[in-house]
Structure formats: structure tokens, C-alpha cells
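Below is one structure, written out as C-alpha cells, with a few remarks after it.
The values are calculated or read from the model by the stated rules, or taken from the named source; none is laboratory data. Predicted model only: the values in this text are computed from it and were never measured. Cβ atoms come from the backbone with ideal geometry, glycine included; neighbour counts cover every protein chain shown.
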Amino acid sequence: MLVHNTRRLFDALDLADEAEALGMGIERAEYERLTTLSNWASSFLCRSHEDLGRAGPVCPYARTAIEQGLFLLGEIDVPFDHIDEIADEIAVYKEWFVSLQGVLSPERNACILLSLPQCDPVSTEEIDHLQRRLKDQFITEELMVGQFHPHHAEPGLWSPDFRPLGRARAGHRHPAPGVVGSPVPRQSNRLGAEVPRGLRSGDAASHGQLPRSARRRRSAPPMSDETGVHPSVERALSAASAPWRAVRHDEMDRPIRSPDDFAAALGWDVGRITKSLLLRAQRGDAHAIVVCPATAKLDFAKVGAVLGTRYEVAPREDLETVVGYPVTGVTPLGVSPDVRVVVDAAIADVRSVMTGGGALGVEVEVDVGDLVGLTAAVVADVTRSAG
């Protein structure tokens, strides 16, 4: 989470775990609005569309910003008849945004989505007028500002019949009205202006600082357009001819905010939803990954007994340098053989489990036997009761 005075910005990782998000002081109603916004971005902006008129995702920049921790979501919770106050708030966020963008390398662009929860989603002329009022000022600073709402009628660049700012993927909710801000990309001089309401991000930081998660990610992890999983994961599974399937959170019939949500959407026991924890030896540079039920607690004494030395949770920057996967997409599949793997005995007798897909919001169902074999894992009891 980023904080500037009373304003906050959140990125997708802040919203990945409902309990942690609520623990940061997000009200439940705000959390639900922000996750709707985040889900809209991943299910619509980051995906291709048959009516788009060109290849690739609806917004070419959203996926990279999300994966780099630079897709920031927040709210301006002001009555819409106080239009000048809203404009002033947007100006504050704009200056904050400029200071954040100023510490990024040229090839990395942040994106801010500000929701306007008190804007009428039916009578949206005011938000269109607000965008026109702000547009020239943003352009002079090489920034773009767009508005999104269900009735947005402006066509896309490549197809007059495609309305990117007013759409949502079939079966998914369109977020409440809002505005989006981003730099004008150097390579095209125009960004796909489609975003929903919201606007916040990162770890706690002062004005002018990026979230630590964003500063550590020097480049966005690649993602397969077809399956959504990281290419390293896909190569590891394909090379072994192991049966598997990718499951995207945004394709579920409900929001996925916890392992229980995911299990319920699949009709599974929650014990088959796993987490993969990257650990580092307390002495030396050795790393290990432990795969266990998502609701289980790791017993570090047991891990040390299995691996012969004491381990601790690895710092987040090791995710990039050691495995190359985001924190919510970690998996032992496709990582260096130097990283030792332990599979908890609690899942040893289960036919298949869900493990990370090496990307945000994508998981892979794989047979436990294949998971153990592909990663040369040790199977051992390394967890303790969650109670």
C-alpha cells in the first residue's frame, strides 16, 4: 500500500488475500469495489477480444503494469455534485503520480485507476464532462486521462464498433464509474484509454516513493497468451508430457479472494488448493520451495530436519532472482534444479492439486505424482495444525 496524507493506493498483491487487505484498514465495501476493479482489469483489459480489430490484449500496458506492481487502484469517495472537489482530488493524485513515475526507468509506466463510488452509473454525462475538463491539462504534462463507465460510447482506435471503456467480459461485473491516468507511452504517443474506478498501490511508502514490490521487479514476467501461465511452467509440464490444465481466477463464477473461494468455485476440498513458499537457508545461499495446503501452517523445525539445515521465508526480491514468479504465483515447476523441493505429506495421497502458474491469478492443476517427479521433490510432513 502507498500512503500520501490520507490517500492510499493499492496494487493487485495488496488485494490478493482478503484477510490481509482488511487488516490494512480497507473497509469491506471498498475492498469489494477494488477487487471488482482489479478483476475487470485482468479479465477484460489484459485479454484479447474478438471485436478489438487487432491482435493482443485490449490494453497493451495493463498486464505489464499489474505484473510490475505498478497498476494502482484507489477511490475518491466524494458526492458527484461536488465536481470541483473531485477535480481537485484528481489534481493531487496527478502530482503524486508524476512523482512516482519520475523514479521509474523509461520503459516502465505506472497506471492509476480512481473509482468514483458516488457517481451515478446510469447518468454519466458529468464524468464525461469531467474527463474533457481535465484532458488538456494532462496532455500538456505528457499524461493521459480517461473515464470508464458502463455507458461509455467512445470507439476504440482499431474498430468503430468496439467500446473499450464501457465493456466488461461476459459473466463479469463492470466496475463503478471512474477515471484512469497514465503516461503517454513514448512508443505510440497514445495509451488504450480503458480503465475502471479505483486507485491505490504498493507497500507503505512516503510521497514520491514506489512500493518496494514495484522497485524490485525490474521486468514483467512473461505470460502465455493462450493459457496465462508462465512459459517456464508450461515448458516443464509439456516436456514431461504430464497432463495438466490452467485455471484462471477471472474465469470463475465468483470473485476469488481466498483459498476457500477457489475451492468452492471448483467444487473441491480446500486441502487440494496449495501454496508454494520460497525459503532461504539461514546460513548460506541455498533455497528451497515447500508445497503444502494453502490453509496449513509451515513447521520450520520439521523443514530443517528434512533438509538438514534451518530455513526461513526468503525475502521478496529472491522471487525475481531465484524463481522469476510473482508472490501469488510461486510454483516449483520450471525453477532451477538447485532449488530443493519438499511436498507436504498432507497432499501426497491426493490425486491432483492446484499449484501456482507462475503468474498472477492463474493456477495449474497437476497430478501430485507428476508434481513430485518433475521437481525431484522430497515428500515429508512439514506442516502443523492451523489451530
Examine segment 43-57 for a residue that is among the basic types (Lys, Arg) and at pLDDT 80 or above, and state whether such a residue exists.
no
Out of the residues in segment 339-365 that are touching a Cys at 6+ places or on another chain (Cβ under 8 Å) and of a type outside the set (Val, Ile, Thr), which is farthest from Asp11 (Cα to Cα)?
Ala346
Within segment 234-258, take every residue that is within 18 Å of the chain's Cα centre (by Cα), farther than 19 Å from Arg351 by Cα and not charged (D, E, K, R) and give me the one that is surrounded by the most Cβ atoms within 10 Å (Cβ to Cβ).
Ile256
For segment 81-127, enumerate the residues that are out of contact with any strand residue (DSSP E or B) (no Cβ under 7 Å at 6 or more places or on another chain), at pLDDT below 85, buried (at least 19 other Cβ atoms within 10 Å of the Cβ) and over 24 Å from Arg63 (Cβ atoms).
Cys119, Thr124
Give just the number: which of (1) of a type in the set (Gly, Ala, Ser); (2) surrounded by 17 or more Cβ atoms within 10 Å (Cβ to Cβ); (3) farther than 17 Å from Ala346 by Cβ does Ala286 not satisfy?
(2)
Restricting attention to segment 1-42, and to residues there that are within 11 Å of the chain's Cα centre (by Cα) and hydroxyl-bearing (Ser, Thr, Tyr), which single residue is modelled with the highest pLDDT?
Thr35
Collect the residues in segment 17-32 that are among the acidic types (Asp, Glu), over 13 Å from Gly74 (Cα atoms) and not in a helix (DSSP H, G or I), keeping them in residue-number order.
Asp17
If the Cβ limit is 7 Å and pairs must be 6+ apart or interchain, which residue in segment 319-341 that is at positive phi pairs with which residue that is assigned to a loop (DSSP other than H, G, I, E, B) and of a type outside the set (Lys, Arg)?
Gly324/Pro221; Gly334/His230
